Amino acid sequence: MAMTINEIQAEILRLKKEKDICILAHSYQAREIVEIADFAGDSYQLSVEASKVGNKNVIMCGVRFMAETVKILSPDKTVFLSHPEAGCPMAEQMDRALISSVKEQYPSYTVVAYINTTAELKTICDVCVTSSSAVKIVSNIPNKDILFLPDCNLGDYVAKQLPDKNFKLLQGGCPIHAAVNVRDVEKAKARHPDALLLVHPECVPDVVALADYVGSTSGIMQYAENSDHKEFIIGTELSISEHLQYRCPDKNFYGLSHKLMCPNMKINTLVDVLNCVKGTGGEEITLDPETIAQARICIDKMIELG
Ligand code: 13P
Ligand code: SF4
């Protein structure tokens, strides 16, 4: 028999209490998932939460590298990714062999990895960053020479904030954010001339240059909520415009482009979360102890410097 959203949510809340499960959700998840999560936020906030969780079990509603980060920070917990198909294409773009050979060419550089990387890749990087913490963390690194991977758009944004550093950027990035172009911005601004443009630093530099604010998913939400302005064009995944529209009904939020829909984040539904808490869905994340120990070094460094 069909169930309502409220009934499914109630069943998830009952089962997660009974089974001592903590549910973490990235802000790109649907509203009905964010509502039943113990914590929802950007990648940095999720990592900090993951290191503090008291429950025996954790379900990550997001993409695979986020669930791996939870496992790395809490290896004794049972960690599930709520949908096994939810990867992040950017995280898969570069492998150990490639980065090892680049490191040989730039031996004196500090290797800074966006957290959107696999656990395996993190084992050979020096420090992780997220979009909200990158500028602060890189500015706290004593070395002037920075090898930044995999997102050249975030890397370009960070490099422009820190002109005293010497950046080598690798050519990776988010296919969703990088698809948005200046023409999309012009069209959105023509439709909404009074709106402020808020964008994620995974967008291309030409788009970032036109923004009134650049920040992580949580940064964008906080900026819009605290602003006296009434209209905003949101240059990140479309879920953020939707969450903001519910949170601030007296303001208007416009998605910058229909291209800003991440299929990997969107594949996860409330029913997937229900199946995961029931024990009939999701995927348990397993990593070998050596990978956990080595990958942890650069995540701990991120939390320390952030
Ligand atoms: P945040 O660092 O803003 O959470 O971004 C994660 C992400 O995947 C953006 O595409
Ligand atoms: Fe990965 Fe881009 Fe999706 Fe974020 S929006 S999870 S970076 S593909």
Query - For the chain, built as a Gaussian network whose Cα springs stay under 10 Å, the top-fluctuating residue of Gly255, Gly219, Gly54 - result: Gly54
Report task. Can you spot the lysines whose alpha carbon is less than 16 Å from Lys165's alpha carbon? Ignore those fewer than 8 places along the same chain. Result -> Lys136, Lys144
Requested in this report: Considering the options Leu197, Ile240, Thr4, tell which one lies farthest towards the positive end of the dipole of the chain, charges being +1 on Lys and Arg and -1 on Asp and Glu at the Cβ, about the Cα centre.
Outcome: Leu197
Query raised in the report: For the range 36-53, what does the Karplus curve 6.51 cos²θ - 1.76 cosθ + 1.60, with θ = phi - 60°, yield as ³J(HN,Hα) per residue in whole Hz, taken in order and with x for Gly and Pro?
Result: 9, 6, 6, 8, 10, x, 7, 4, 5, 4, 5, 5, 5, 4, 4, 7, 10, 4
**Report entry** Radius of gyration and Dmax over the Cα atoms of the chain, both given in Å
**Finding:** 19.2, 63
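Mind ordering 220-227, 116-123, 101-108, 72-79 by average Cβ neighbours within 10 Å, highest first?
Working: 220-227: 17.5, 116-123: 22.5, 101-108: 10.6, 72-79: 19.2.
For the peptides 220-227, 116-123, 101-108, 72-79, the packing ranking is 116-123, 72-79, 220-227, 101-108.
Magnitude of the Cβ-charge dipole of the range 205-291, K/R +1 and D/E -1, about the Cα centre, nearest 20 debye? Kindly include the intermediate steps, with their values, before the conclusion.
Working: 6 positive and 13 negative charges, 72 e Å.
Dipole about the Cα centre, nearest 20: 340 debye.
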Query raised in the report: Which percentage, to the nearest 5, of the DSSP beta bridges contained in the chain is antiparallel?
Result: 5
Report task. In whole Hz, with x marking every Gly and Pro, tabulate ³J(HN,Hα) for the range 271-276 from phi via Karplus 6.51 cos²θ - 1.76 cosθ + 1.60, θ = phi - 60°. Result -> 5, 4, 5, 4, 4, 5
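How high is the relative contact order of the range 92-157, given as a whole-number percent (alpha carbon pairs under 8 Å, six or more residues apart)?
On the way: 67 pairs, mean separation 25.0, N = 66.
Relative contact order here is 38 percent.
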Query - Alpha-carbon centroids, the range 200-273 and the range 59-81: separation in whole Å - result: 24
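Using +1 on the beta carbon of Lys and Arg, -1 on that of Asp and Glu, and nothing else charged, what's the dipole of the chain about the Cα centre, debye to 20? Working shown, then result.
Details: 30 positive and 40 negative charges, 33 e Å.
Dipole size: approximately 160 debye.
Quick one: what do you get for the range 7-133 if you divide its Cα Rg by 2.2 N^0.38 Å? Present the calculation step by step, with values, prior to reporting the outcome.
Working: Rg = 16.1 Å, N = 127, 2.2 N^0.38 = 13.9 Å.
In units of the 2.2 N^0.38 Å rule of thumb, it is 1.16.
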Query - Positive-end residue of Ala113, Leu73, Asn57, charge dipole of the range 40-131 with Cβ unit charges - result: Asn57
Query - Kirkwood-Stokes translational diffusion coefficient of the range 168-278, alpha-carbon pairs, 20 °C, 1.002 mPa s, µm²/s - result: 145
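Readers should treat all values here as calculations from the given coordinates under stated rules, not as data from a laboratory. Nothing here was measured: the structure is a model prediction, and the numbers come from that model. Every residue, glycine among them, receives a Cβ derived from its backbone with ideal geometry; neighbour counts consider all protein chains shown.
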